[in-house]
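Below is one structure, written out as structure tokens, with a few remarks after it.
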Amino acid sequence: MEVIQLAVLVVVAIVTASAVAPRIGTAAPLLLLAVGLVVSLLPVTPEFVLDPELILAGLLPPLLYSAAVNMPTMDFRRDFRTISGLSVLLVVVSSLVLGGVFVVLIDGIDYPMAVALGAIVSPTDAVATSIARRMGVPSRVVTVLEGESLLNDATALVLLRTAVAAAGASVSVAGVLGQFAWAVVGAVGIGWVVGTVVLRIRARIEDEAVTTAISFAVPFLAFLPAEHLEASGLVAAVTAGLVTGHGQARHLGPKQRLSDHQNWRTIEVLLEGVVFLVMGLELRALVEDVERAPGGGVLQAAALAVAALAVALTIRAVYTAAIILMERRRERRSPQVREAVDDWQAKVEKSRHPRAPQIRRRLRRVSADIDFYDASRFGRRQGAVLVWAGMRGVVTLAAAQTLPTETENRSLLVLVAFFVALTSLVVQGGTLGAVVRFLGLAGRDEDGGEEWNRLDARMLDAARDVLREADLSPELARLRDRVVEKAQDDMNDRGAISDLRLQIIAKQRQVLLHERAEGTFSSTSLRRMLAKLDADQLAIEIRRLDD
């Protein structure tokens, strides 16, 4: 009964925070973190310690999977170079540099264990970046942040395991590289297989409740075998999510996708709330452990955390400056690249080579990518947001708690990690909205009506193609003329007309997926149009049930 009461209180706290946070101008995760901190310090609150494996294996896989499903794969592909650099190179460099800092500041710690602590506090957190999305950060910056936080866990956890092993025995560089390569490559392969197979199975099941129930198991179906084979289970869950997000519009119907979105959104809100509440509730136990342990106390842990976060942000700022320089180089080369692409398109357009259609598609994609980079410039202001929005979160705390119990000054190291996450979330998360507004980036990432009108015209062309090819009766032929003239509101959604409209929607969805593959339109416009088509199809199907 106590467990049920606690669960109800947790749900009530999460729902209340979600409702109150927008009214007081803050993010719900920060409010839940504050609630957890206050409750943990009350004398009547018992000591609260959550098994870190429950976070790493129970909470993070579905959270990362949910974020990956909703990530536009087109945008992810376009910024993959930046995302992969932040996920691998930046984490490695930060861990090694922070290791040197901790050796200087913490008495008695050896370099491998210092690198392990550096690996713990280096990665940004997918749950924490949800704050950035809600604060109105430009979508390209959010895509980079989310992609980074989805993938950098593999780098950090492999470094952590290797550093802990090196503290007791020697390890080779080749062994580290091989372990990391398998952690990523193996996880990607497992996640891709799981995502593809489950998506095909769900496509054969019409009951949306059943298919959604199957989707709840996907992150764990990817996570468990990957971990068993010593690959990264979190990367496997992310890969399965990316595969599902990319293929669901093609393989799943609108009812299934709507059910998925609503149910996963509910799970995401609850799990995210639990994560931040847990972070706050664990403060008391950590403080008591540090105070009982010989050596440094809470003040030392707080000072170490501030120093570590300052160093990490400095390294991130330097790396982001390099990203901006590369983006400027790309901008300078853009006219020459566009000219070369146009020349090749003119040549291939006249070619009758068997591979000419494929080459034309690739050239159109490259041209669309150039348009995207020109329209979404990544300058100093975007770089400043990227630095400040790179927050640490629950992964840092969970990873710290996986340190061996015999580790010297373990409580101090765990509390340092906690204070890094706490300071990052409170300071960076609490001021991110003001920073975005100060830089003039809030609300500037919305797509204008011109692109939407062009996409709407493509949908109308697709409808005309279906109608011209259809064998219609005289009555439907007259309706066809109305549709061609864009008088679709006069159509009667019954019988053959409903069938015809469903054929039109299917054709329009096919065109939409083709445009997504080529990257002609922004992911925001494509999502809006897909939602519009889904709403039209659902309306027709619901009316049929009423007839």
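The values are calculated or read from the model by the stated rules, or taken from the named source; none is laboratory data. In this text, all values refer to a predicted model and were calculated from it rather than measured experimentally. Note that each Cβ is placed from the backbone with ideal geometry, even for glycine, and that neighbours are counted across all protein chains shown.
Here are the numbers for the structure shown:
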item: Test for Arg509: is it buried (at least 19 other Cβ atoms within 10 Å of the Cβ), touching a residue at least 40 places away in the same chain (Cβ under 8 Å) and under 23 Å from the mean Cα position of the chain (by Cα); result: no
item: Looking only at the stretch 358-391, and only at residues there that are in contact (Cβ under 8 Å) with a residue 60 or more places away in the chain and more than 30 Å from Gly136 (Cβ to Cβ), the one that is surrounded by the most Cβ atoms within 10 Å (Cβ to Cβ); result: Arg364
item: Within the stretch 216-259, tally of residues that are at pLDDT 90 or above, among the hydroxyl-bearing types (Ser, Thr, Tyr) and farther than 30 Å from Leu159 by Cβ; result: 0
item: Residue list for the stretch 378-401, restricted to those being modelled with pLDDT under 80 and more than 22 Å from Ala310 (Cβ to Cβ); result: Ala398, Gln401
item: For Leu56: the one exception among (1) surrounded by fewer than 20 Cβ atoms within 10 Å (Cβ to Cβ); (2) within 19 Å of Glu268 (Cα to Cα); (3) of a type outside the set (Gly, Ala, Ser); result: (1)
item: Residue list for the stretch 2-37, filter: exposed (fewer than 12 other Cβ atoms within 10 Å of the Cβ) and of a type in the set (Val, Ile, Thr); result: Val3, Ile4, Val8, Val12, Ile24
item: Restricting the stretch 109-141 to residues that are of a type outside the set (A, V, I, L, M, F, W, C) and under 14 Å from Gly433 (Cα atoms), the residue that is modelled with the highest pLDDT; result: Pro138
item: Residues of the stretch 255-299 classified as under 16 Å from Ser66 (Cβ atoms) and over 23 Å from the mean Cα position of the chain (by Cα), total; result: 0
item: Meets criteria (in the same structural domain as Met74 (by TED's automatic domain parsing) and within 20 Å of Thr129 (Cβ to Cβ)) for Leu242; result: yes
item: Conditions (1) under 25 Å from the mean Cα position of the chain (by Cα); (2) assigned to a helix (DSSP H, G or I); (3) assigned by TED's automatic domain parsing to the domain that holds Thr129; number of the one not met by Arg392; result: (2)
item: Test for Leu533: is it closer than 14 Å to Leu455 by Cβ, part of a helix (DSSP H, G or I), more than 24 Å from the chain's Cα centre (by Cα) and not assigned by TED's automatic domain parsing to the domain that holds Met71; result: yes
item: Single unsatisfied condition, Arg355 versus (1) touching a Phe, Trp or Tyr at 6+ places or on another chain (Cβ under 8 Å); (2) without any contact (Cβ under 8 Å) to a residue 24 or more places away in the chain; result: (1)
item: Filtered residue count, the stretch 482-530, keeping only those that are part of a helix (DSSP H, G or I), modelled with pLDDT under 65 and not β-branched (Val, Ile, Thr); result: 5
item: Those helices (runs of 4 or more DSSP H) lying entirely in the stretch 78-155 with at least 2 residues in the same structural domain as Thr314 (by TED's automatic domain parsing) and within 12 Å of the chain's Cα centre (by Cα); result: 129-134
item: Subset tally (residues that are acidic (Asp, Glu) and crowded, with 24+ Cβ neighbours inside 10 Å) for the stretch 110-144; result: 1
item: Residue pairs meeting the criteria (Cβ under 6 Å; at least 6 apart or on separate chains; first under 15 Å from Asp125 (Cα atoms), in the stretch 266-290; second of a type outside the set (A, V, I, L, M)); result: Glu268/Ser66; Phe276/Pro29
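Residue by residue, here is whether (1) without any contact (Cβ under 8 Å) to a residue 60 or more places away in the chain; (2) under 21 Å from Leu32 (Cα atoms); (3) in contact with a helix residue (DSSP H, G or I) (Cβ under 9 Å, 6 or more places away or on another chain); (4) surrounded by fewer than 22 Cβ atoms within 10 Å (Cβ to Cβ) holds:
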{"residue": "Thr396", "(1), (2), (3), (4)": "no, yes, yes, no"}
{"residue": "Thr405", "(1), (2), (3), (4)": "yes, no, no, yes"}
{"residue": "Glu408", "(1), (2), (3), (4)": "no, no, yes, yes"}
{"residue": "Leu412", "(1), (2), (3), (4)": "no, no, yes, no"}
{"residue": "Val420", "(1), (2), (3), (4)": "no, yes, yes, no"}
{"residue": "Ala434", "(1), (2), (3), (4)": "yes, yes, no, yes"}
{"residue": "Asn453", "(1), (2), (3), (4)": "yes, no, no, yes"}
{"residue": "Glu469", "(1), (2), (3), (4)": "yes, no, no, yes"}
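Here's the yes/no breakdown for (1) within 16 Å of Leu425 (Cβ to Cβ); (2) more than 23 Å from the chain's Cα centre (by Cα); (3) not acidic (Asp, Glu):
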| position | (1), (2), (3) |
| --- | --- |
| Leu6 | no, yes, yes |
| Leu9 | no, yes, yes |
| Ile14 | no, no, yes |
| Ala17 | yes, no, yes |
| Ile24 | no, yes, yes |
| Ala27 | yes, no, yes |
| Val35 | yes, yes, yes |
| Val39 | no, yes, yes |
